[in-house]
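Take a look at the structure set out below.
The values are calculated or read from the model by the stated rules, or taken from the named source; none is laboratory data. The model shown is predicted, which means the values in this text are computed figures rather than measured ones. Please note: Cβ atoms are built from the backbone with ideal geometry, for glycine as well, and neighbour counts cover all protein chains shown.
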Amino acid sequence: MGRHAGRPAGPWPGTVSAPGEILWICGPAAVGKSTVGWEIAQLSRQAGHTTGFVDLQQIGFLHAGPDRHRLQAANLAAVWINFHGYGAQRLVVVGTVDQPSQVRRYTEALAPAEVTLCRLHASPERLGDRIRRRGRGEGPPIAGDVLRGQPELVLTKAHAAAVTEAEALEGAGLGDMRVDTDDHSAAELARLIGWPPVSLSS
C-alpha cells in the first residue's frame, strides 16, 4: 500500500463544546497509570456518574512521530464528544506526556472540559520491580505492551529509561498534582485521589 501524505498543519481538531471533568493520569513507564486510572473510573461509575475511560496509547498506534500528541489530542477530543453525547460528564484518561506544550495541545482540544493532570511517581526500585513483573506477564494484558515477554536486557534498558523519565518529570514539576505510589495499591490510590481529585503532593 502507498503512503498517504499527513494532514497539513491547521486548526485541528475543531471546537469540542462538550463540558465536563477530565482526570488525566500520567507518569513514567510502568508506574501504574492504566491500573490506577481504571480503578478511579470504576469508583466514579459506582458512585452513579456516567464515566468514560481512554488509554491514549490505544488511540495512537499510527506512530505519527513528532505529531503523535497532535493526533492523539484529535482522537481524544472525538472520543470525548461521543462519550459526552451518551451522557458522560466525566472521563479518565491515562497516558504519557512530558512537556507543558504537549499538555496544552490536549487541554485546548478538549476545552471547555476541565482537565486535571495527576502525575504518578515511583522510586527507581519500585519502577524496576513493576517493569520486571510486566515482563513476566503479570498484571492485566495491554495491547501493544512493549515489556511483556521481553528478555532481561530489554527490561533493564526499560528500567533505566523509566527512571530517567521519572526524574525529568520531577524536575519539570509537571501536573496539577503529584502522587507517590510506592506504598499504596492501585485500589488505595484510586480512593486517595478520589473525584474530584484531592492533592496528595509531597
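Summary of computed values
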quantity	calculated
Among the candidates ARG119, ARG134, ARG130, residue that is touching a residue at least 40 places away in the same chain (Cβ under 8 Å), out of contact with any helix residue (DSSP H, G or I) (no Cβ under 7 Å at 6 or more places or on another chain), farther than 22 Å from PHE61 by Cα and crowded, with 18+ Cβ neighbours inside 10 Å	ARG130
Selection within the range 57-103 - touching a Ser or Thr at 6+ places or on another chain (Cβ under 7 Å), among the aliphatic types (A, V, I, L, M) and part of a loop (DSSP other than H, G, I, E, B)	ALA88
Any chance ARG178 is touching a strand residue (DSSP E or B) at 6+ places or on another chain (Cβ under 6 Å) and either in contact (Cβ under 8 Å) with a residue 60 or more places away in the chain or under 30 Å from GLU114 (Cβ atoms) (or both)	yes
Flag for ALA18 being part of a loop (DSSP other than H, G, I, E, B), of a type outside the set (D, E, K, R), in contact with a Lys or Arg (Cβ under 6 Å, 6 or more places away or on another chain) and at pLDDT below 95	no
Residue match in the range 121-135 (condition: at pLDDT below 95, closer than 18 Å to SER34 by Cβ and outside any helix (DSSP H, G or I))	no
Checking SER34 against (1) modelled with pLDDT under 95; (2) not in a helix (DSSP H, G or I), the condition it does not meet	(2)
